[in-house]
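Remarks on the structure that follows.
The values are calculated or read from the model by the stated rules, or taken from the named source; none is laboratory data. Keep in mind that this is a model prediction, so the values were computed, not measured. Quick reminder, even Gly has a Cβ in these numbers, built from the backbone with ideal geometry, and neighbours come from all protein chains shown.
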Amino acid sequence: MSETQTVVRMQRHLQLTLFDLLSHQSFESISISDIAGAAKINRSTFYRYYPNKFDLLGDAISSSLDTSTAQATSFDGDFHHILEWVDQHRMVLKNVIANNQNFNLYQEIIRVAMSIMRQHLNDELAPCGGKQDTMSLQINALVAQSPNPEFAIEAFCNSIVGIMLAWIDHPEITFEQMETFISQKKDETFC
């Protein structure tokens with residue numbers, strides 16, 4: 001196994017270990033020693049791969065979101081996959097957000113959402129049937145009419161991600177209910 005493969009494998013192992021710890025305790029309460037112990041490595045080994053737990057968390061969330069959205073072939077599909085990701089990681093997200101003033105999860109998710117939106121808006125033709133999906137066409141029109149296109153993209157992403165993160169505190173709302181709600185909000189915004 002090459003050195004690069006070893007690094008990637010260990011980083012992924014540490015990311016999964018952190019997610020496992022976050023399923024039952026807050027990010028603030030997790031120490032490097034906790035992560036190293038759960039990963040069955042020495043603290044010094046941890047520091048070979050990450051300078052601190054915040055960088056590990058950033059990589060873990062980015063990697064997990066990127067993996068989730070890589071499956072989508074449309075803008076609607078990307079947001080569906082992000083919504084699924086939030087649903088699958090509710091407790092992790094709750095434990096990251098709770099009492100955490102050092103890592104801005106919200107900004108990381110907004111960054112990913114804006115990247116997805118820019119990618120789909122820059123695609124002349126979507127992979128399905130040679131036409132952009134309805135959502136991309138609607139957003140293209142909104143962005144084109146905006147005096148500040150980057151602000152329009154950021155505002156849309158902030159509203160959708162804000163709704164998703166508020167959902168974390170409402171376990172009684174099912175995935176299907178949230179998907180319907182977001183779909184209705186998109187339609188209200190772009191119709």
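So the values come out like this:
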| item | result |
| --- | --- |
| Residue within segment 179-186 that is surrounded by 13 or more Cβ atoms within 10 Å (Cβ to Cβ), modelled with pLDDT under 75 and not hydroxyl-bearing (Ser, Thr, Tyr) present | yes |
| Matching option when the condition is at pLDDT 75 or above, part of a helix (DSSP H, G or I), closer than 30 Å to PHE27 by Cα and more than 16 Å from the chain's Cα centre (by Cα), among ALA155, ALA144, ALA113 | ALA155 |
| Number of positions in segment 153-187 that are farther than 23 Å from GLN88 by Cβ and either touching a His at 6+ places or on another chain (Cβ under 7 Å) or touching a residue at least 12 places away in the same chain (Cβ under 8 Å) (or both) | 3 |
| Segment 23-36 residues that are more than 22 Å from TRP85 (Cβ to Cβ) and modelled with pLDDT under 90, paired with ones that are in a loop (DSSP other than H, G, I, E, B) and not acidic (Asp, Glu) (beta carbon under 6 Å, 6 or more apart) | GLU28/ASN99; GLU28/ASN100 |
| Of all residues in segment 17-39 being outside any helix (DSSP H, G or I) and of a type outside the set (D, E, K, R), the one that is farthest from VAL92 (Cα to Cα) | SER31 |
